[in-house]
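Remarks on the structure that follows.
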Amino acid sequence: MEEAPVDLFQNYNLVAIVAFAITGVLAAAPRTQSVVALIILGVVSAVGGGTMRDIVLGTKVFWIADFTYIWLAVAGSLAGFLAIELFKRWKSLLLYLDALGAALFAVESINKSVGLGANPGVGVMMGLITAIGGGVLRDLLVDRPTLLVQRDLYATPIVLGSLAYVALLYFGIDRDVSAAIAIVLIFGIRSAAIHWNLVVPDWLHVPESPVKDPSS
Amino acid sequence: MEEAPVDLFQNYNLVAIVAFAITGVLAAAPRTQSVVALIILGVVSAVGGGTMRDIVLGTKVFWIADFTYIWLAVAGSLAGFLAIELFKRWKSLLLYLDALGAALFAVESINKSVGLGANPGVGVMMGLITAIGGGVLRDLLVDRPTLLVQRDLYATPIVLGSLAYVALLYFGIDRDVSAAIAIVLIFGIRSAAIHWNLVVPDWLHVPESPVKDPSS
Amino acid sequence: MEEAPVDLFQNYNLVAIVAFAITGVLAAAPRTQSVVALIILGVVSAVGGGTMRDIVLGTKVFWIADFTYIWLAVAGSLAGFLAIELFKRWKSLLLYLDALGAALFAVESINKSVGLGANPGVGVMMGLITAIGGGVLRDLLVDRPTLLVQRDLYATPIVLGSLAYVALLYFGIDRDVSAAIAIVLIFGIRSAAIHWNLVVPDWLHVPESPVKDPSS
């Protein structure tokens, strides 16, 4: 029973990487010309967030430790490219897959950070970096506005679920139970946002352009 | 007296982080929809440059060593958000605060780099990365042109002040005196640029589009 | 004879850094206002890719180990700026210089990665990161579409040549011979693409916008 969670979370990670490679390719495709560039962008979407996490944590980058992750990301990207027409009809399925990937990445990264001795706050930061880093990097590379400027609820569920996860761990709740709650929370809020097309509530909405250009 | 400069520079750093969080939020607000995204962008503005510096130097990222910096950045970002209407009227004050933050970050980073055994040239690079890195990252994330493409004097005072600082240290001038001169120099040139709306002088101005696209 | 390849590859690296500084300045100039910003962008173009490689590999950043690289990049950037009018007429020469730089960077990075004990797949990733990283970073900073969204053959020759190089090494071919073949391959395909204005062939071309926005 001691070993199980590790395997479980590694599997989580694998699912998240394939999911992000597929959605990454689909998001990048409208702005990309070449299949080689598209595969690169799928791989960046899939492993970019985790790479940033490992660099900031100062630990060995996960796909240098085990290159299988890159093969998985390449396979997911190729699958995404080959099945573009198919996925076109499954667009909402993809959004849910992406939400699941983000939830799994966040929980897995908090586990990795805390396992390396980082404090829970650092864990939350790493969960967020891993879950949104790859997508943000891909958007920058294809000149799309990043998710940080969209009124969509994307970062919010990840922050809430990550905070809940470290709080549950702090109160001594079993790690697997806490992880399951956090994943359900992140995936649930994000899914609700997708399903009901929820946006940032007005009281949390940033008021109209307060200043044009404060730092330049 | 041996300990004083360290404390002094740590305080400098704290002031710079709060200043950058506030100006970061104000700069990002016109393009951001959600408060969660806004706080993230404020934190990125405040700690992004120092994070890049520590990663390039290969040393432990400062906010992993001491998470207080993140709390400060979050507090500064929240203050910036809550007081948006107030800061609107204080726009020029903010610009000076930002200039002060950049000066403090540059000097503190040169101290950190040289303290880690890096040569003075590396120190100047780190001063520049720390002082402009967070703002550049924030601008990329909200799809604003970065300060490197504006005709505003922003990077120039930092480069000049950083070069002056390592030169003064090289000639054996006392570290506190050298730091004070460098801070006054960076803050002074930048403030003059803000006050008189100075831009790049014509003889340093890049001539009209020499080539359209040399590398593609 | 044992030492020769090392010197040779270091010379390769120096040529590549100067080439990328010059083409970086030329690419950035139409969008930059200040000479200081232009030099910064030339330096980023020249050393950005190698910096990313070293950070991902977890090894000491090459220009911190030897600051001469930065002086070279600054000198190349200044030369590029001073000779803008001249280079205007030599635009196609610059493209070939850039192609040569990319080929040298890719081979040198694979050598460095494999020398540090990384597997050949990691070597290919590092070759790609080093060869395109600096240019991609520069394009992001000046708000130009990155090479990953252009129909130009840029990443493809690097990936092919890098794969060929690790395959030749795997089959026990002499390192200098393999390197020469890889450099000729990358430079040759890229040069052919420049000369005949080759773009991504249709069967490798990404079909029209399959989905608008799969992940947001």
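The values are calculated or read from the model by the stated rules, or taken from the named source; none is laboratory data. Every value quoted in this text rests on a predicted model; they were computed, and no experiment measured them. Every residue, glycine among them, receives a Cβ derived from its backbone with ideal geometry; neighbour counts consider all protein chains shown.
Being under 22 Å from C:Val149 (Cβ atoms) and more than 10 Å from every other protein chain (Cβ to nearest Cβ) is the filter; apply it to segment A:39-53 and report the residue that is farthest from the chain's Cα centre (by Cα).
A:Gly42
For residues that are more than 10 Å from every other protein chain (Cβ to nearest Cβ) and surrounded by 24 or more Cβ atoms within 10 Å (Cβ to Cβ), tally how many sit in segment B:54-69.
Looking only at that region, the number is 0.
What are the residues in segment C:187-203 that are surrounded by fewer than 14 Cβ atoms within 10 Å (Cβ to Cβ) and either modelled with pLDDT under 85 or β-branched (Val, Ile, Thr) (or both), if any?
C:Trp196, C:Asn197, C:Pro201, C:Asp202, C:Trp203
If C:Ala118 meets every condition in (1) assigned to a helix (DSSP H, G or I); (2) buried (at least 16 other Cβ atoms within 10 Å of the Cβ); (3) not basic (Lys, Arg) apart from one, which number is that one?
Of (1) assigned to a helix (DSSP H, G or I); (2) buried (at least 16 other Cβ atoms within 10 Å of the Cβ); (3) not basic (Lys, Arg), only one is false for C:Ala118: (1).
For C:Ser77, are the conditions met, namely being more than 7 Å from chain B (Cβ to nearest Cβ), assigned to a helix (DSSP H, G or I), of a type in the set (S, T, N, Q) and under 30 Å from A:Met52 (Cα atoms)?
It is true that C:Ser77 is more than 7 Å from chain B (Cβ to nearest Cβ), assigned to a helix (DSSP H, G or I), of a type in the set (S, T, N, Q) and under 30 Å from A:Met52 (Cα atoms).
Hey, could you check segment A:75-111 for residues that are buried (at least 23 other Cβ atoms within 10 Å of the Cβ) and of a type in the set (Asp, Glu) and say which is nearest to A:Thr32 (Cα to Cα)?
A:Asp98
What about A:Leu82, is it in contact (Cβ under 8 Å) with a residue 40 or more places away in the chain and at negative phi?
No.
Can you go through A:Leu93, A:Leu148 and tell me which one is closer than 27 Å to B:Gly42 by Cα, modelled with pLDDT under 90 and either outside any helix (DSSP H, G or I) or among the aliphatic types (A, V, I, L, M) (or both)?
Going through A:Leu93, A:Leu148 in turn, just one is closer than 27 Å to B:Gly42 by Cα, modelled with pLDDT under 90 and either outside any helix (DSSP H, G or I) or among the aliphatic types (A, V, I, L, M) (or both): A:Leu148.
Can you work out which of the residues in segment A:141-156 that are in contact (Cβ under 8 Å) with a residue 60 or more places away in the chain and not β-branched (Val, Ile, Thr) is farthest from the other protein chains (Cβ to nearest Cβ)?
A:Arg144
Given the options A:Ala21, A:Ala75, A:Ala27, name the one that is over 30 Å from C:Val61 (Cα atoms) and touching a Gly at 6+ places or on another chain (Cβ under 9 Å).
A:Ala27
For segment C:102-137, which positions are within 17 Å of A:Ala65 (Cα to Cα) and within 11 Å of chain A (Cβ to nearest Cβ)?
C:Ser113, C:Leu116, C:Gly117, C:Ala118, C:Asn119, C:Pro120, C:Gly121, C:Val122, C:Gly123, C:Val124, C:Met125, C:Met126, listed by residue number.
Quick check on B:Arg138: is it under 23 Å from A:Leu147 (Cα atoms), touching a residue at least 12 places away in the same chain (Cβ under 8 Å) and not small (Gly, Ala, Ser)?
yes
Step by step: first the residues of segment B:169-180, then only those that are among the hydrophobic types (A, V, I, L, M, F, W, C) and buried (at least 18 other Cβ atoms within 10 Å of the Cβ), then the one that is farthest from B:Gly133 (Cα to Cα). Which residue is that?
Within segment B:169-180, the match that is farthest from B:Gly133 (Cα to Cα) is B:Leu169.
Taking C:Gly161, is it away from chain A (no Cβ under 12 Å), farther than 29 Å from B:Leu137 by Cα and either without any contact (Cβ under 8 Å) to a residue 40 or more places away in the chain or among the β-branched types (Val, Ile, Thr) (or both)?
No, not satisfied.
Can you report the number of residues in segment A:8-53 which are more than 16 Å from A:Leu72 (Cα to Cα) and surrounded by 24 or more Cβ atoms within 10 Å (Cβ to Cβ)?
8
Go through segment B:26-69 residue by residue and tally those that are touching a residue at least 12 places away in the same chain (Cβ under 8 Å), under 15 Å from B:Glu108 (Cβ atoms) and outside any helix (DSSP H, G or I).
Number of matching residues: 1.
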